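The structure under discussion appears below in the form of structure tokens.
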């Protein structure tokens, strides 16, 4: 039984020690992003810790050396009870930073309710607080009652039987057995670290070209649609939903989905809001994730959802009802649906959708890829509360020739001929788009401003704003958020060639 207890203690101790050492040797590690992304009842406390560089430096120091010292104490059997209590406190802070009750979030590879790996490790450490695992017997020196007994026992030392001394030496020898094991684990970890440089699974040790919140260049400007004040830079939903639009890279959509787990989505949206991005545009299938996010975090993120027509339902506008029931803020006819309906001459359905949305008291938008859709809707007297239009230039290598472009071709179908549309050009007629945008009096949200990654943000943001966009909607991974916000702030501050007035 004692051998099993020693093995368990050594395993837990090694976990603490390794986590601490990998953070110590990684020059890029910081708890800032971990603290800033917390949510729940105590999130304000954790984010307060990260708000001050001085506090953050202290927290990082205590975190690293707390893990190392607790790990060492458990591994070699020194001050086991005190180390266990310290470990309980430290893990408790981790636990309540991302509380797994009422959320069922997949942190790391976990997806648990109340009992997660932190909870289990705390239970093990509490076991060591009460179990009689003496280690090197130094725990007793820190108990007041035992200290008095210690001095009193000096007088009776000669009267103690020899067996007691032998028993104590045996306990020491048992714990010394852990040292070769600890050495072997340390040697293996050192060899692994030298080979791979960093360990990707021990925390924030991967170096990415990302900026932190304290590197923001200022406050992101805002505009208004209806009664909503919205950041000029909006978060796009394609990277979260897995719509990669990656030309002929057929694996990209699955790769995006694998990266953007629910936990990663939550982290990214929290970061967006902290950076000043207070609005998002999503596809209809992504709605449950955003509903959950807003419910758990209490977020005020303004969400515009793209809806389609449910032809299988007696109520073809059922998507509108479901969007309202899910707590969305603005509702927009999805771009492909608008293109299809206009192409097929079903203007009455578009007009009916606008009426239905407004009747419910929500801003009603129309999205489109082909500018013909918006022009023809305008001619039919169908005017939304805002437009959502693809806005990017075509000066990039994968754009197919202008003479081969056709209205309504951005419909999901792909051509094998490189000179035809192949998921590569989403604003096929940029000149006509700019002309329409500059004469409309309705707020315009430009999307696909980077042509799904073909155009650099500095170029794409400037082109869209200069040519009349009131807002831009951009899909961002978490490591791109702060950089994109800074680019947007700088672009708007230096904008000089915009002709159109701001209509939002």
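Diffusion coefficient of the range 364-450 by Stokes-Einstein, Kirkwood radius over Cα pairs, 25 °C, 0.890 mPa s: 182 µm²/s.
The calculated P(r) of the range 1-101, using every Cα pair and 10 Å bins from 0, goes 16, 40, 32, 11, 2 in percent. Label positions at residue 349 and residue 250, each projected 7 Å from the Cα along the C-beta direction, are separated by 3.0 nm. Here the label points at residue 7 and residue 495, each 7 Å from Cα along the C-beta direction, are separated by 6.6 nm in the simple model. Each principal axis of the Cα cloud of the range 339-413 was taken in turn, and the coordinate range along them, longest first, works out to 45, 22, 22 Å.
Here the range 225-248 is scanned for amide nitrogen atoms under 19 Å from the site 7 Å beyond the Cα of residue 398 along Cα-to-Cβ, giving 236-248.
Legend: ranking of residues 385, 310 from fewest to most surrounding C-beta atoms inside 10 Å; resulting order 310, 385. The protection proxy used here, the mean number of other Cβ atoms lying within 10 Å of each residue, ranks peptides 259-271, 393-405 as follows, highest first: 259-271, 393-405. FRET efficiency for the residue 417 to residue 257 pair, using the beta carbon distance and R₀ = 35 Å, is estimated at 0.75. Counted residue by residue at 0.36 nm each, then reduced by the alpha carbon distance between them, the extension gain from residue 456 to residue 438 reaches 4.1 nm.
Counting only the backbone N, which residues of the range 356-370 are under 15 Å from the spot 7 Å out from the Cα of residue 224 toward its beta-carbon? What the label zone holds, given the 15 Å backbone N cut-off, is 363.
Send over the Kirkwood Rh of the range 300-451, from the inverse of the averaged 1/r over different Cα pairs, rounded to one decimal Å.
16.1
Every read-out reported here was derived from the displayed coordinates using simple, explicitly stated rules and does not represent laboratory data. Computed from a predicted structure; not experimentally measured. Neighbour counts are summed over all protein chains in view; Cβ atoms, including those assigned to glycine, are modelled from backbone coordinates with ideal geometry.
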